[in-house]
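The values are calculated or read from the model by the stated rules, or taken from the named source; none is laboratory data. Note that this is a predicted model, so its numbers are computed, not measured. FYI the Cβ positions are ideal-geometry reconstructions off the backbone, even for glycines, and counts take in every protein chain you see.
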Amino acid sequence: MRTSLYVHVPFCINKCDYCAFFSVPLNKMELQGANSGSGIISSYLDGLEREIALCENEAPAQGVSSLFIGGGTPTALAIHDLERLLNLLHTGYRFSSSCSQENGYAPDKDTEKTIESNPGTIDPEKLSVLRGYDINRISVGVQSFDDHILKTIGRIHSVKDIYNSVELIRKAGFDNLNMDLMFGLPGQRMRNWQDSLKQAVALNPEHLSLYALTVEEGTPLDHDYTSGKITIPDDDSDADMYQWAVGYLQSNGYIHYEVSNFAKPGFECRHNLTYWRSEDYTGLGPGAVSCVNDVRSKNMEDITDYRKHLSAGNRPWDDSATEILTKDQRISEYMMLGLRTTAGIDLRGFADKFGAEVNDVYGQKLQDYLNKKILLINDGRLMIDPAYFFVLNGILVDFIR
């Protein structure tokens, strides 16, 4: 059995105004690595080392099928902290049956290994370290090619930083680049969105992820929005931006393989496909989520408590967020995640997995969507008509059991 591995690095230079993920802004000294061996980053890495050791007996026999290092901004770490992080992962997990031990671990050219970054947080030295550990996919948080919009949402990079970072990534030899872009941002109009996407495509990334802004409760953006300081595009404008982007990217050779994700042929994100196929995954680090053998757990979102629990030999789980999934929950999630992809759901695979035909489980509810041609069946697969992708969430609620 193989599993996917997610590692949460909860550090960033500055927390963006819209961000609700667990992350901790670093001070200048920490960014420079001046407190090596002490401080919050060292505490995090010590905890991570203990968590890897605690999970040693659960490491998949067939190795890790994909690695995703997210955050936060993992590349905000000082180079020696970044190197320690990568060494811990590659010492604690096997990514291949290869016998090569050049870097003290067995590299696997076939394993997708992604790291998230932000423009301005990478340099040739860090990229060289990433290459040394066979990191082969970089995801850059671009969000917009409009300096004013970037400033409005609390991003600290500029458009110039985007171009510089992409140039460095390509010069370092990386040939699998993802860019994250957002639409529905404050002050954004269709022309701004079109210009951003055109500039992104001109840089020829292998993958693009497009996300509509969600105003998360309690964030600075939420405060600015509710107080009337900023306005954001309405739902119709968001829909127009999304539909234009779908057509534009498809006309430029990108496959629309999931609601928010587009890839050149062969560059679909294998790690994220693990989630959409309801396969097992392991999460390490504060705030990380795991789902293994139908048990979903989440690590506590406090670095000090995370390390203390691990030092005592205990799992750093947030007990209030740990659950054993029922069959109805597993069916619901299988449907909701699978229908996000253009490939849809394998009906025979559903029957084998749950011991029942999907039609027997959902009955008339499913038939109504088929009659309206919102859902389709092609070659034994159940899928949604892509024309309804933008309103998918409103459809998926009908498949919660």
Where residues in the stretch 89-132 are in contact with a Pro (Cβ under 9 Å, 6 or more places away or on another chain) and closer than 25 Å to residue 261 by Cβ, which of them is modelled with the lowest pLDDT? 95
Would you mention how many residues in the stretch 379-390 are in contact (Cβ under 8 Å) with a residue 24 or more places away in the chain and out of contact with any His (no Cβ under 9 Å at 6 or more places or on another chain)? 6
So which residues in the stretch 108-128 are closer than 16 Å to residue 141 by Cα, among the small types (Gly, Ala, Ser) and surrounded by fewer than 22 Cβ atoms within 10 Å (Cβ to Cβ), if there are any at all? 120
Among the residues of the stretch 297-306, the number that are of a type in the set (D, E, K, R) and either closer than 27 Å to residue 256 by Cβ or in a loop (DSSP other than H, G, I, E, B) (or both) is 2
If we ask which residues in the stretch 52-84 are in contact with a strand residue (DSSP E or B) (Cβ under 7 Å, 6 or more places away or on another chain), among the aliphatic types (A, V, I, L, M), closer than 25 Å to residue 157 by Cα and not in a loop (DSSP other than H, G, I, E, B), their number turns out to be 2
The stretch 245-259 - residue that is aromatic (Phe, Trp, Tyr) and over 27 Å from residue 215 (Cβ atoms) and, of those, surrounded by the most Cβ atoms within 10 Å (Cβ to Cβ): 254
When residues of the stretch 260-275 are limited to those that are within 14 Å of the chain's Cα centre (by Cα) and in a loop (DSSP other than H, G, I, E, B), the one surrounded by the most Cβ atoms within 10 Å (Cβ to Cβ): 269
Residues that are among the aromatic types (Phe, Trp, Tyr), within 26 Å of the chain's Cα centre (by Cα) and closer than 26 Å to residue 284 by Cα: does the stretch 341-353 have at least one? no
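Residue 29: part of a loop (DSSP other than H, G, I, E, B) and either modelled with pLDDT of 90 or more or surrounded by fewer than 16 Cβ atoms within 10 Å (Cβ to Cβ) (or both), yes or no?
Considered against the rule, which asks whether it is part of a loop (DSSP other than H, G, I, E, B) and either modelled with pLDDT of 90 or more or surrounded by fewer than 16 Cβ atoms within 10 Å (Cβ to Cβ) (or both), residue 29 comes out as no.
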Are there any helices (runs of 4 or more DSSP H) wholly within the stretch 151-244 with 1 or more residues that are modelled with pLDDT of 95 or more and loosely packed, with under 13 Cβ neighbours inside 10 Å, and if so which? 159-171, 190-202
List the helices (runs of 4 or more DSSP H) that sit entirely inside the stretch 307-397 and contain at least 3 residues that are within 25 Å of residue 293 (Cβ to Cβ). 327-338, 347-354
Is it true that some residue in the stretch 148-157 is in contact (Cβ under 8 Å) with a residue 40 or more places away in the chain, within 20 Å of residue 113 (Cα to Cα) and of a type in the set (A, V, I, L, M, F, W, C)? no
Which pairs do you get when a residue that is free of Cβ contacts under 8 Å to residues at least 40 places away in the same chain and assigned by TED's automatic domain parsing to the domain that holds residue 194, found in the stretch 218-240, comes within reach of a residue that is hydroxyl-bearing (Ser, Thr, Tyr) and surrounded by 10 or more Cβ atoms within 10 Å (Cβ to Cβ), reach meaning Cβ atoms under 9 angstrom, with the pair 6+ apart or on two chains? 222/18; 225/231
Yes/no for residue 277 being under 24 Å from residue 90 (Cβ atoms), in contact (Cβ under 8 Å) with a residue 60 or more places away in the chain and among the charged types (D, E, K, R): no
